[in-house]
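Below: one structure, written as structure tokens.
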Amino acid sequence: EELEEGDYYVVIEAVDKAGNKSVSSQEVKKDTKYAAIKGLKRDNKETKKWINAGNNVNSKTGDISVTDKTSGVEKENIKIYTTSKKPTKLDIDNWELQSDIIKNPKNFCLKLSGLPDGISYIIVVAEDNAGNIAYDYQKVKKDTKAPDVVDLSKKNIPDNGWINKNNDAALINMEVTDNNIEQASGIYESTIYRYTGTDKLKEDIENNIN
């Protein structure tokens, strides 16, 4: 007979022809379902945002919960891993263990400040008391290094800096690099500040640029 999930007692009663009877029982527990891991965001607007060096460098994941209604899951069997490659299967041998024990497995969050720059995946792995192993993950994009302006030069602009009506070809060349692999490079903005001759305004402009 196919048993449903849960705890059972199998009772065997044996009676011989003389009427002697013996009874034996055995507890049977069945749990074939994985623990439920909730709260991680695999792919939505939040996971597409970059963590930068500003206020969100100390951001955290949302509330994460791990539950198993049948056999239960112990806190020491909830572990956190990270990897730079998108998880496609349970592969803990190639993931980096970050935390062995979660103090409160029913409701916790994970800090993202310790992650390296680049694309990372936070993975929560939970093994229930029956030995079923579940995992879920969240993608994190982090870039805390500013791009470098490696070349800022002028073309067709006199040494005195003045552009007149005959300088239609005047240009300022800008070359920007971002050496971080797979970082948020490729889109840059330039701002022109107007300097009208006062030392105070010049100082404000230089402070803005730096």
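Quick check on S99: is it more than 13 Å from the chain's Cα centre (by Cα), modelled with pLDDT under 80 and surrounded by 12 or more Cβ atoms within 10 Å (Cβ to Cβ)?
In short, yes.
Is at least one residue of segment 16-35 of a type in the set (D, E), surrounded by 14 or more Cβ atoms within 10 Å (Cβ to Cβ) and at pLDDT 85 or above? First the steps, then the outcome.
Residues of segment 16-35 of a type in the set (D, E): 16, 27, 31.
Of the ones still in play, those that are also surrounded by 14 or more Cβ atoms within 10 Å (Cβ to Cβ) are 31.
From the residues that got through so far, the ones that are at pLDDT 85 or above too are 31.
Yes, some residue in segment 16-35 is of a type in the set (D, E), surrounded by 14 or more Cβ atoms within 10 Å (Cβ to Cβ) and at pLDDT 85 or above.
What number of residues within segment 38-94 satisfy the criterion of being without any contact (Cβ under 8 Å) to a residue 40 or more places away in the chain, open to solvent by 100 Å² or more (accessible area, probe 1.4 Å) and of a type in the set (S, T, N, Q)?
So the count comes out to 3.
Working only within segment 121-149, note down all residues that are acidic (D, E) and surrounded by fewer than 19 Cβ atoms within 10 Å (Cβ to Cβ).
Hit for segment 121-149 is D148, nothing else.
Which one is farthest from the chain's Cα centre (by Cα), of the residues in segment 1-29 that are assigned to a loop (DSSP other than H, G, I, E, B) and within 27 Å of N129 (Cα to Cα)? Show your work before the answer.
First, the residues of segment 1-29 that are assigned to a loop (DSSP other than H, G, I, E, B): 1-5, 16-20.
Next, only the ones that are within 27 Å of N129 (Cα to Cα) stay: 1-5.
Details: E1: 44, E2: 41, L3: 39, E4: 36, E5: 33 Å.
That would be E1.
D151: among the acidic types (D, E), at pLDDT 90 or above and not in a loop (DSSP other than H, G, I, E, B), yes or no?
No.
The values are calculated or read from the model by the stated rules, or taken from the named source; none is laboratory data. Remember, it's a predicted structure, so these values are computed and weren't measured experimentally. Cβ: placed from backbone, ideal geometry, glycine included. Neighbour counts: every protein chain shown. Surface accessibility is based on the protein's heavy atoms, side chains included, excluding ligands, DNA and RNA. Shrake-Rupley method; radii C 1.70, N 1.55, O 1.52, S 1.80 Å.
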